[in-house]
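Take a look at the structure below.
The values are calculated or read from the model by the stated rules, or taken from the named source; none is laboratory data. Quick caveat: nothing in here was measured; it's all calculated off a predicted structure. No Cβ is skipped: glycine too gets one built from the backbone with ideal geometry, and neighbour counts run over all protein chains shown.
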């Protein structure tokens, strides 16, 4: 079967917002209706899953992850944005792919990626994270993974899980953000370390390391030069140019901050 080009990845559909306030048990039909999931096949045995979350007063925010075939089972990279959305994702995977998810890779501790980890652990999936992710999740009051991978502790470390390679390239959007590479498909899931093709801002920088971020991105680009498709944590995918675009956005942000700092300093009255 012909593999979709990186640019067809840009056709990932946005879906309507999740109703996080629901209190009653969801039937299968109401789950898919109230917490819709877009599941887009981008290569043989590889799908992008997209859920949406709505902050009051704002448009729904799409969040991506991956589903990767691993023999008779599946690997999920990042959960959907919310517990109910993750339940809906499992239901969608069951109906459209028909294989169980037995492993979950969480790329960092923010809710858009980790919110459904309890759901996945309850379903019996084995969880893989950076060692800092459970600590940071607990400190933030978020769902906490029960396991982590000691081999991913140091920057530039890598380990294999089935058909994928998990790498900790270093700090970027978050101190412990991971990336996932599928060598046989030349697909890289960059998570939130890499901005989507249509992004016009750096987004949430509360846990970001702006100084380290460029070094991290350059390591990713050097380590996986054969990448043909990059799936970002949010928005539209493309190819390695997404890394260059993210680097340019970081440089623009740093320059703007420097200029703002200089302006602020110049406005401080001189001491008499």
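Kindly evaluate residue 162 against the criterion of being at positive phi and at pLDDT 95 or above. Write out each step before concluding.
Working: at positive phi: yes; at pLDDT 95 or above: yes.
It is true that residue 162 is at positive phi and at pLDDT 95 or above.
Of everything in the stretch 208-226, what is touching a residue at least 40 places away in the same chain (Cβ under 8 Å) and either under 20 Å from residue 252 (Cβ atoms) or surrounded by 16 or more Cβ atoms within 10 Å (Cβ to Cβ) (or both)? Give them in sequence order.
Step one: filter the stretch 208-226 for residues touching a residue at least 40 places away in the same chain (Cβ under 8 Å), giving 210, 212-213, 215-217, 219-220, 223-224, 226.
Of everything in the stretch 208-226, those that are touching a residue at least 40 places away in the same chain (Cβ under 8 Å) and either under 20 Å from residue 252 (Cβ atoms) or surrounded by 16 or more Cβ atoms within 10 Å (Cβ to Cβ) (or both) turn out to be 210, 212, 213, 215, 216, 217, 219, 220, 223, 224.
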Can you name every residue in the stretch 236-270 that is modelled with pLDDT of 95 or more and assigned to a loop (DSSP other than H, G, I, E, B)? 236, 237, 239, 240
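Here is a yes/no grid of residues against (1) in contact with a strand residue (DSSP E or B) (Cβ under 7 Å, 6 or more places away or on another chain); (2) farther than 22 Å from residue 230 by Cβ; (3) in contact (Cβ under 8 Å) with a residue 24 or more places away in the chain:
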residue	(1), (2), (3)
48	yes, no, yes
52	yes, no, yes
61	yes, no, yes
67	yes, no, yes
92	yes, yes, yes
137	no, yes, yes
Evaluate the stretch 225-232: report whether one residue or more is more than 18 Å from residue 49 (Cα to Cα), in a helix (DSSP H, G or I) and in contact with a strand residue (DSSP E or B) (Cβ under 6 Å, 6 or more places away or on another chain). no
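Hey, which of the strands (runs of 3 or more DSSP E) in the stretch 59-144, taking only ones fully inside, have at least 2 residues that are buried (at least 24 other Cβ atoms within 10 Å of the Cβ) and under 14 Å from the mean Cα position of the chain (by Cα)? Even if it seems obvious, please write down each step before you answer.
Details: elements: 61-70, 73-77, 101-105, 126-128.
Here the list reads 61-70, 73-77, 101-105.
Taking residue 194, is it assigned to a loop (DSSP other than H, G, I, E, B), under 20 Å from the mean Cα position of the chain (by Cα) and closer than 26 Å to residue 52 by Cβ? Quick ask: steps written out before the conclusion?
Working: assigned to a loop (DSSP other than H, G, I, E, B): yes; under 20 Å from the mean Cα position of the chain (by Cα): yes; closer than 26 Å to residue 52 by Cβ: yes.
Against the criterion (assigned to a loop (DSSP other than H, G, I, E, B), under 20 Å from the mean Cα position of the chain (by Cα) and closer than 26 Å to residue 52 by Cβ), residue 194 qualifies.
Could you say which residue among 172, 167, 155 is closer than 19 Å to residue 248 by Cβ, modelled with pLDDT of 95 or more and not in a helix (DSSP H, G or I)?
Details: 167 fails: closer than 19 Å to residue 248 by Cβ; 155 fails: closer than 19 Å to residue 248 by Cβ.
Criteria check complete, one pass: 172.
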